[in-house]
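Q: Just passing along the structure, written as structure tokens.
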Amino acid sequence: MVRLTFYGGVHEIGGNKILLEDGERRLFLDFGFPYKKHKLFYEEYLKPRSGAGLLDPLSMGLLPPLEGLYRDDLDKTPGLWDQFRSEPFYRRLEQVDGVLLSHAHLDHSGHVAFIKAGIPVYSTAVTAFIAKAIQDSGKADFDQQVCYFNPAVRVCPPGWKQPSLLAANEAKQQRQFCIADVNPGTLGTAAIQFWNFGFWEKTARQKELASCPLKAHTDCTFNVRCFPVDHSIPGACAWGIETSSGWIIYSGDLRLHGKRAKLTEGFMEQAANLRPRALILEGTNVKRQTNVSDQEVYENGLKAIAGAGGLVIADFSPRDVYRLLTFLQIAKETGRKLAILPKDAYLLKTMRLLGSDIPEITREDNLVIYQDTVASRSPAMWLRNISQECDSKIVVAEDVRAAQDQFILCFSFFDLNELPSIRPGPGSLYVFSSSEPHDEEQEIDFRRLHNWLEHFGLRGYGLPVETNGDWQIPDDQKGLHASGHACGPDLLKIASEIVPQVLIPVHSEHPDFYVTPLAHRGIKVMLPTAGGTLEV
Ligand SMILES: [Zn+2]
């Protein structure tokens, strides 16, 4: 009997943490950051205290009470586990063989940060590299440090009463990643250098201690198979795990309407051939009847931008590299230059290390890099490198201001504070190619966004507008965002073609959606409960 325990991703979109146990062999399927639970207690200026280590996330129910799973350096509160041993889902987990990571979105990967560094993370090469690029170029808090972390040490500053404060040690420690789709030995020198970037400045001895080479996935205690699928971030995959009950398939996040739908179709076919015992399937968009395709986004984006006389700002998820390429194509068609941020350029450069279908920035005429107006005194190494390597591609606010009708600026809400330096002129357009607000906090941000646009005289396009508390995109401006998730009918198609004996919905607010339609097709649906175990 295989036991599946759902520590996250039940009645919530994201935060997947699924423990698969077959006798004494154990794997986690993703170990994501639980945004929904996190937002119940925290916001930008109220966060779990990094200095308190595991105490805050355990106390607030953000991490399951699994003693033995987490990094020892975060476990410095005296008697920490005494207070959690009577919790309903408390367990001692001595041996976990690995985490199978489906993709680099933090709601699937973020809490890997807490897991012992010696527990390997299995992923595709692209997922590992994107996760590292995001971490290098972002401000990952201690609870989102996926690829490497600064081990915590105990300190007691002068005058401090309790010597239990944790501070981050300077030397970073890399996590063990095992690559499932490529033999790491065949990755080029530049790719390996990227992976170890940030780990060689210390002394030779520290370097040895801190860096951890990429490994192949073949020594996993389970026979696992990795199936590339299409999602709104490159490198996404589904997993197959051969267990004593038969094959168990985990979908991760996926769709059938994207540019790479063929990947998902290939996955369905191969998974069906395994005649799986169980399929753990996402259900983000079960309530949607249709999808907007990438092709429609291209056509609608082109239509909107072709008629614009001034500056165009395009707002989309910067991790969605395919969307970025769609807007690059639109830039070419409209004779504009696509201005991306240095961190997006770093992501493109990283992906280019693994595949040639990504453009080389310095050779792409329609691509430039927008450099922030206000510099930091000592920019991070990755930023310095990209600014030097792509020196001829850098544009600044003044360049954009002087030739507004020649640019599409890839900005999101958080980049709007550059607008006072740019001063958008008449006829400027803000094209919104992302999802609508999902909670109150996002609604507040949307109101602010509208204020910014009004203040600078920018016309919104594809932007949700609030009417009687409901956020709707005007009818004639729809079709500018292709979701990363399959709609209800597509999800049923995926389940019906794979034909598992049992289907377990996760990553959904409406898991019961599957029950009736799949019963007609002879597939039994088992509904997981938060922290509960299903036997298959
Ligand atoms: Zn995702």
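Q: Taking interchain pairs and intrachain pairs at least six residues apart, which have beta carbon atoms under 6 angstrom, with the first residue in the range 1-18 and over 15 Å from Pro64 (Cα atoms) and the second modelled with pLDDT of 95 or more and assigned to a strand (DSSP E or B)?
A: Listed pairs, sorted by first residue: Met1/Glu535; Val2/Asp22; Val2/Thr243; Arg3/Glu21; Arg3/Thr533; Arg3/Glu535.
Q: Would you please name the residue that is nearest to the ligand (Cβ to nearest atom), looking only at residues in the range 93-114 that are in a loop (DSSP other than H, G, I, E, B) and not acidic (Asp, Glu)?
A: Within the range 93-114, the subset in a loop (DSSP other than H, G, I, E, B) is 93-97, 101-105.
Those left that are additionally not acidic (Asp, Glu): 93, 95-96, 101-105.
Details: Leu93: 26, Gln95: 29, Val96: 23, Leu101: 11, Ser102: 8, His103: 6, Ala104: 8, His105: 4 Å.
Across the range 93-114, the extreme among qualifying residues is His105.
Q: Any residue in the range 413-423 that is in contact with a helix residue (DSSP H, G or I) (Cβ under 8 Å, 6 or more places away or on another chain), within 29 Å of Tyr42 (Cα to Cα), in a strand (DSSP E or B) and of a type in the set (Asp, Glu)?
A: no
Q: Can you tell me which residue among Ala171, Ala167, Ala117 is buried (at least 17 other Cβ atoms within 10 Å of the Cβ) and either within 16 Å of the ligand (Cβ to nearest atom) or not polar (S, T, N, Q) (or both)? Full working, then the answer.
A: Details: Ala171 fails: buried (at least 17 other Cβ atoms within 10 Å of the Cβ); Ala167 fails: buried (at least 17 other Cβ atoms within 10 Å of the Cβ).
Testing whether each residue is buried (at least 17 other Cβ atoms within 10 Å of the Cβ) and either within 16 Å of the ligand (Cβ to nearest atom) or not polar (S, T, N, Q) (or both) leaves just Ala117.
Q: Which residue pairs have Cβ atoms closer than 7 Å, lie 6 or more positions apart in sequence or on different chains, and pair a first residue in the range 226-249 that is closer than 18 Å to Leu325 by Cα with a second residue that is within 12 Å of the ligand (Cβ to nearest atom) and among the polar types (S, T, N, Q)?
A: Ser232/Ser317; Gly235/Thr127; Ala236/Ser102
Q: Continuing with this model, one more query. Suppose we filter Asp230, Asp315 for residues that are touching a helix residue (DSSP H, G or I) at 6+ places or on another chain (Cβ under 9 Å) and within 16 Å of the ligand (Cβ to nearest atom); which single one remains?
A: Values: Asp315 fails: within 16 Å of the ligand (Cβ to nearest atom).
After applying the criteria, what remains is Asp230.
Q: From the list Arg49, Arg71, exactly one residue is within 17 Å of Lys116 (Cα to Cα), among the basic types (Lys, Arg) and touching a helix residue (DSSP H, G or I) at 6+ places or on another chain (Cβ under 9 Å). Which is it?
A: Residue meeting the stated conditions: Arg71.
Q: Another question, then. Name the pairs: first residue in the range 313-337 and closer than 21 Å to Thr362 by Cβ, second residue charged (D, E, K, R) and assigned to a strand (DSSP E or B), Cβ to Cβ under 9 Å, at least 6 apart or on different chains?
A: Between residues of the range 313-337 that are closer than 21 Å to Thr362 by Cβ and residues that are charged (D, E, K, R) and assigned to a strand (DSSP E or B), the close pairs are Ala331/Lys337.
Q: Filter the range 391-408 down to the residues that are among the aliphatic types (A, V, I, L, M), in contact (Cβ under 8 Å) with a residue 24 or more places away in the chain and part of a helix (DSSP H, G or I), then identify the one that is nearest to Pro426 (Cα to Cα).
A: Looking only at the range 391-408, we keep the residues that are among the aliphatic types (A, V, I, L, M), and these are 394-397, 400, 402-403, 408.
Narrowing the set further to residues that are in contact (Cβ under 8 Å) with a residue 24 or more places away in the chain leaves 394-397, 400, 408.
Now drop any that are not part of a helix (DSSP H, G or I), which leaves 397, 400.
Details: Ala397: 17, Val400: 14 Å.
Per the stated criteria, the residue is Val400.
Q: Which of (1) buried (at least 17 other Cβ atoms within 10 Å of the Cβ); (2) of a type outside the set (Lys, Arg); (3) within 25 Å of the chain's Cα centre (by Cα) is the odd one out, the single condition Asp399 does not satisfy?
A: Failed condition: (3).
Q: Do we have Asp372 as surrounded by fewer than 19 Cβ atoms within 10 Å (Cβ to Cβ), of a type in the set (Asp, Glu) and either farther than 30 Å from Leu449 by Cα or in contact with a His (Cβ under 8 Å, 6 or more places away or on another chain) (or both) here? Give the steps one after another, and end with the answer.
A: On the way: surrounded by fewer than 19 Cβ atoms within 10 Å (Cβ to Cβ): yes; of a type in the set (Asp, Glu): yes; either farther than 30 Å from Leu449 by Cα or in contact with a His (Cβ under 8 Å, 6 or more places away or on another chain) (or both): no.
Against the criterion (surrounded by fewer than 19 Cβ atoms within 10 Å (Cβ to Cβ), of a type in the set (Asp, Glu) and either farther than 30 Å from Leu449 by Cα or in contact with a His (Cβ under 8 Å, 6 or more places away or on another chain) (or both)), Asp372 does not qualify.
Q: Okay, moving on. So which of Cys147, Cys156 is surrounded by 19 or more Cβ atoms within 10 Å (Cβ to Cβ) and either at pLDDT 80 or above or away from the ligand (no atom under 16 Å from the Cβ) (or both)? Walk me through how you get there before you give the answer.
A: Values: Cys156 fails: surrounded by 19 or more Cβ atoms within 10 Å (Cβ to Cβ).
Within the list Cys147, Cys156, the selection yields Cys147.
Q: Turning to a different aspect of this structure: For the range 480-525, enumerate the residues that are among the aliphatic types (A, V, I, L, M) and within 25 Å of the chain's Cα centre (by Cα). Write out each step before concluding.
A: At the first step, the residues of the range 480-525 found to be among the aliphatic types (A, V, I, L, M) are 480, 482, 486, 491-492, 494-495, 498-499, 502-504, 506, 515, 518-519, 523, 525.
Those that are among the aliphatic types (A, V, I, L, M) and within 25 Å of the chain's Cα centre (by Cα): Leu480, Ala482, Ala486, Leu491, Leu492, Ile494, Ala495, Leu503, Ile504, Val506.
Q: Looking for something touching a Ser or Thr at 6+ places or on another chain (Cβ under 8 Å), at pLDDT below 95 and under 30 Å from Leu325 (Cα atoms) - is there at least one such residue anywhere in the range 205-216? Outline the logic, then answer.
A: Of the range 205-216, the ones touching a Ser or Thr at 6+ places or on another chain (Cβ under 8 Å) are none.
No, every residue in the range 205-216 fails to be touching a Ser or Thr at 6+ places or on another chain (Cβ under 8 Å), at pLDDT below 95 and under 30 Å from Leu325 (Cα atoms).
Q: Does the range 129-140 include one or more residues that are under 29 Å from Glu12 (Cβ atoms), modelled with pLDDT under 95, surrounded by fewer than 24 Cβ atoms within 10 Å (Cβ to Cβ) and in contact with a Pro (Cβ under 8 Å, 6 or more places away or on another chain)?
A: Looking for residues that are under 29 Å from Glu12 (Cβ atoms), modelled with pLDDT under 95, surrounded by fewer than 24 Cβ atoms within 10 Å (Cβ to Cβ) and in contact with a Pro (Cβ under 8 Å, 6 or more places away or on another chain), one finds at least one in the range 129-140, hence yes.
Q: So, one more: Output the number of the condition that Val126 fails; it satisfies all remaining conditions of (1) within 16 Å of the ligand (Cβ to nearest atom); (2) part of a strand (DSSP E or B).
A: (2)
Q: Continuing with this model, one more query. Among the residues of the range 373-390 satisfying the criterion of being of a type in the set (D, E, K, R) and in a helix (DSSP H, G or I), which is nearest to Ala331 (Cα to Cα)?
A: Just the residues of the range 373-390 that are of a type in the set (D, E, K, R), to begin with: 377, 384, 389.
Now narrow it down to the ones that are in a helix (DSSP H, G or I): 384, 389.
Working: Arg384: 27, Glu389: 23 Å.
Selected residue: Glu389.
The values are calculated or read from the model by the stated rules, or taken from the named source; none is laboratory data. Keep in mind that what you see is a predicted model, and the values were worked out from it rather than measured. Heads up, the Cβs are rebuilt from the backbone with ideal geometry, glycines too, and the neighbour counts pull from every protein chain shown.
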